[in-house]
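The values are calculated or read from the model by the stated rules, or taken from the named source; none is laboratory data. No experiment lies behind these values; they were computed from the predicted model shown. Counting neighbours? That spans all protein chains shown, and the Cβs are built from the backbone with ideal geometry, glycine included. We work out accessible area using only protein heavy atoms, side chains counted, and drop any ligands, DNA or RNA first. Shrake-Rupley method; radii C 1.70, N 1.55, O 1.52, S 1.80 Å.
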Amino acid sequence: MKIAVFSTQAYDRRFLDEALAAHPQGRDITLEYQEAALALHTVALAQGCDGVCVFVNDHLDAPVLEALHRSGVRAVLMRCAGFNNVDIEAAHRLGLFVARVPAYSPEAVAEHTLALILTLNRNTHRAYARVREGNFALDGLLGSNLHGKTAGVVGTGKIGLATARILKGFGCRVLGHDPAPAPEFAALGTVVDLPTLLAESDIVSLHCPLLDSTWHMINRDSLARMKPGAMLVNTSRGALIDTPAVIEALKSRQLGFLAIDVYEQEGSLFFHDRSGDIIDDDVFQRLMTFPNVLVTGHQGFFTVEAMREIAEVTFENIDCFVSEKHCANEIVL
Ligand code: NAD
């Protein structure tokens, strides 16, 4: 079995190679690492492969899937949980096996969410730079307690639950919104409708998938419904947020803080060193000018534990494909 592994960095190769070495049938599997993302112009890199292994910013729309199928690819192995970048209907029409890693350490993303919240809440991003310059003045660093605040978790799935648990531990009142709330959430907080969550929360944290129904769920209207000065956190998918609307809300001071680990147009920026380049994305660059905005480059998943889990589950999915066994991680319509 030969697999073209797209969008790889040295750290991806490290964890996949470790899992391959530990795999009993590892000798029968060849991984062809590609730095490029999968798109129509890079499909040829999968020529002669039985499968492709992809990540969040690879594009698997119908033309890409058709081209992969024509070149003999039969399996799509996702190294992530979200699959908004795959046309699942087209994949099924073509008979492709598509599997994902549905739960790799939800705590990795939940803990990163808290890191973002605490950083903004206590201005540690500004304090870090100041202290290194020998500036120990506190003016401008005034924070506020998390204890006693209301935190709204949008999406009470695996990551939403893990986030709610930590927020509860901090002494927050936790609200949750989800069309299908997890039963475990009842022990952590109160399920409310989205307008109530937006109106009552000091912190709104997004943990739902990107679907047609959730695209730009944070827009001009929902921002106007939020508590003035509240914090918005998105560690889920960039397109949950209408970024120009968020910039307007920051400029009007309606939105007090923004922390994002994902960005709608992140494909051309994230996971690469662009420090020597001129960034053409004016919306992103405007975000960078706010002192109350914190951006990380999609690193919520990036812990040793999660990377190990991703690699191991990817090989379990490969085993299922090869042996035609039932695969719990297969994405079915
Ligand atoms: P999950 O499937 O366990 O939970 C998602 C929850 O969202 C479900 O309970 C679902 O009912 C709910 N939901 C669906 N539509 C909703 C809506 N309109 N409003 C509110 N809730 C809604 O998924 P998860 O493992 O918790 O992951 C959540 C998201 O986090 C993923 O979809 C992915 O986009 C993102 N993610 C980000 C990173 C990162 O590195 N930043 C890593 C992993 C996952």
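Give PHE83, PHE6, PHE15 a once-over and let me know the one that is among the aromatic types (Phe, Trp, Tyr) and touching an Asp or Glu at 6+ places or on another chain (Cβ under 6 Å).
PHE6
Would you please list the contacts, defined by Cβ atoms under 6 Å and residues six or more apart or on different chains, that run from a residue in segment 95-112 that is under 22 Å from VAL204 (Cα atoms) to a residue that is open to solvent by less than 30 Å² (accessible area, probe 1.4 Å) and part of a helix (DSSP H, G or I)?
SER105/ALA306; PRO106/ALA162; GLU107/ALA162; ALA108/ALA306; ALA110/ALA162; ALA110/THR163
Taking the criterion of being in contact with a strand residue (DSSP E or B) (Cβ under 9 Å, 6 or more places away or on another chain) and open to solvent by 40 Å² or more (accessible area, probe 1.4 Å), would at least one residue in segment 221-236 satisfy it?
Taking every residue of segment 221-236 in turn, at least one turns out to be in contact with a strand residue (DSSP E or B) (Cβ under 9 Å, 6 or more places away or on another chain) and open to solvent by 40 Å² or more (accessible area, probe 1.4 Å).
Might you check whether a residue that is small (Gly, Ala, Ser), at positive phi and out of contact with any helix residue (DSSP H, G or I) (no Cβ under 7 Å at 6 or more places or on another chain) occurs anywhere in segment 222-229?
Yes, because at least one residue in segment 222-229 is small (Gly, Ala, Ser), at positive phi and out of contact with any helix residue (DSSP H, G or I) (no Cβ under 7 Å at 6 or more places or on another chain).
Taking the stated definitions as given, is ALA46 farther than 30 Å from LEU206 by Cα and in contact with a Ser or Thr (Cβ under 9 Å, 6 or more places away or on another chain)?
yes
Could you identify the single residue in ALA99, ALA46, ALA91, ALA110 that is surrounded by 21 or more Cβ atoms within 10 Å (Cβ to Cβ) and in the same structural domain as LEU167 (by TED's automatic domain parsing)?
One residue alone meets the criteria, ALA110.
Does THR243 qualify as being crowded, with 19+ Cβ neighbours inside 10 Å, of a type in the set (S, T, N, Q) and under 30 Å from ILE3 (Cα atoms)?
No; evaluated as a whole, the condition is false for this residue.
For segment 270-283, enumerate the residues that are surrounded by 18 or more Cβ atoms within 10 Å (Cβ to Cβ) and either among the polar types (S, T, N, Q) or closer than 17 Å to ALA239 by Cα (or both).
Once the filter is applied, which keeps residues that are surrounded by 18 or more Cβ atoms within 10 Å (Cβ to Cβ) and either among the polar types (S, T, N, Q) or closer than 17 Å to ALA239 by Cα (or both), segment 270-283 yields only PHE270.
Restricting the first residue to segment 11-26 and requiring it to be more than 14 Å from GLU316 (Cα to Cα) and of a type outside the set (A, V, I, L, M), which pairs with a second residue that is open to solvent by less than 20 Å² (accessible area, probe 1.4 Å) and assigned to a helix (DSSP H, G or I) meet a Cβ separation below 6 Å and a spacing of at least six or different chains?
PHE15/MET307; PHE15/ALA311
So which pairs qualify, if the first residue must be in segment 210-230 and in contact (Cβ under 8 Å) with a residue 60 or more places away in the chain, the second must be in a loop (DSSP other than H, G, I, E, B) and open to solvent by less than 90 Å² (accessible area, probe 1.4 Å), the Cβ gap must be under 6 Å, and the two must be at least 6 apart or on different chains?
LEU210/ASN84; LEU210/ARG237
Looking at segment 221-280, which of its residues are under 22 Å from the mean Cα position of the chain (by Cα), among the small types (Gly, Ala, Ser) and outside any loop (DSSP other than H, G, I, E, B)?
SER222, ALA230, GLY238, ALA239, ALA245, ALA259, GLY267, SER268
Restrict the check to segment 308-327 and report whether at least one residue is open to solvent by less than 40 Å² (accessible area, probe 1.4 Å), closer than 23 Å to LEU118 by Cα and within 21 Å of the chain's Cα centre (by Cα).
No - not one qualifying residue is present in segment 308-327.
If you take the residues in segment 297-329 that are within 13 Å of the ligand (Cβ to nearest atom), outside any helix (DSSP H, G or I) and touching a helix residue (DSSP H, G or I) at 6+ places or on another chain (Cβ under 7 Å), which one is nearest to HIS23 (Cα to Cα)?
Per the stated criteria, the residue is ASN329.
Restricting attention to segment 286-296, and to residues there that are of a type in the set (Val, Ile, Thr) and part of a loop (DSSP other than H, G, I, E, B), which single residue is surrounded by the most Cβ atoms within 10 Å (Cβ to Cβ)?
THR296
Give just the number: which of (1) among the acidic types (Asp, Glu); (2) farther than 20 Å from PHE271 by Cα; (3) open to solvent by less than 20 Å² (accessible area, probe 1.4 Å) does ASP12 not satisfy?
The one condition ASP12 does not meet is (2).
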